[in-house]
Amino acid sequence: MSELINTMSMQIPAKSENESFARAVVAAFCVGLNPTIDEISDIKTAVSEAVTNCVVHAYQKRQSNQDIITIECKLFTDMLEVSIRDYGIGISDIKKAMEPFYTSEPGGERSGMGFTVMQSFMDSISVNNQSGGGTVVTMQKVFTKEKEQVSGE
């Protein structure tokens, strides 16, 4: 059983310019476990997709300082769990939204690959609507221990 060693929580306005900040903070949070470059890249990509979904879909591109994204991280001895929560309109059909190429804006500039990308780069993902509005995306990334064996440490 993996032991919880640290937690972190932050709130940011749902603005597209905060996406890079969110991904950098989450990546920096887990460096104490010495993740590989690929693991950090995977985490940053998944967080980027989740935050972008909040900005584009949850708040329908309003980008107001009143529209908030909450990011909570739990760091375990071998894993990161990150939850990204919005307080927007929710997802009417989560199963459909998670299908590759599905977009709520047909003919728009979105490819409908956000959840597919998150699933590809993380070890598990769950998506739940909140009662009262909003959505929570929870993702987990298990860290490999190969580098310890290779380096002989």
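The values are calculated or read from the model by the stated rules, or taken from the named source; none is laboratory data. Everything numeric in this text was worked out from a predicted model, so none of it was measured. Neighbour counts run over all protein chains shown; Cβ positions are idealised from the backbone, glycine included.
Summary of computed values
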{"item": "Positions within the range 1-40 being in contact (Cβ under 8 Å) with a residue 40 or more places away in the chain and of a type in the set (S, T, N, Q), in sequence order", "result": "SER2, ASN6, THR7, SER9, GLN11, SER16, ASN18, ASN34, THR36"}
{"item": "Leading residue by the ranking (surrounded by the most Cβ atoms within 10 Å (Cβ to Cβ)) among those in the range 12-29 that are assigned to a helix (DSSP H, G or I) and small (Gly, Ala, Ser)", "result": "ALA22"}
{"item": "Candidates SER48, SER9, SER41, filtered to the one that is surrounded by fewer than 13 Cβ atoms within 10 Å (Cβ to Cβ) and not β-branched (Val, Ile, Thr)", "result": "SER9"}
{"item": "Enumeration of residues in the range 20-33 that are modelled with pLDDT under 95 and not aliphatic (A, V, I, L, M)", "result": "CYS30, GLY32"}
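Yes or no, residue by residue, for (1) at pLDDT below 65; (2) closer than 14 Å to ALA58 by Cα:
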| residue | (1), (2) |
| --- | --- |
| PRO106 | yes, no |
| MET118 | no, no |
| ASN129 | no, yes |
| THR138 | no, no |
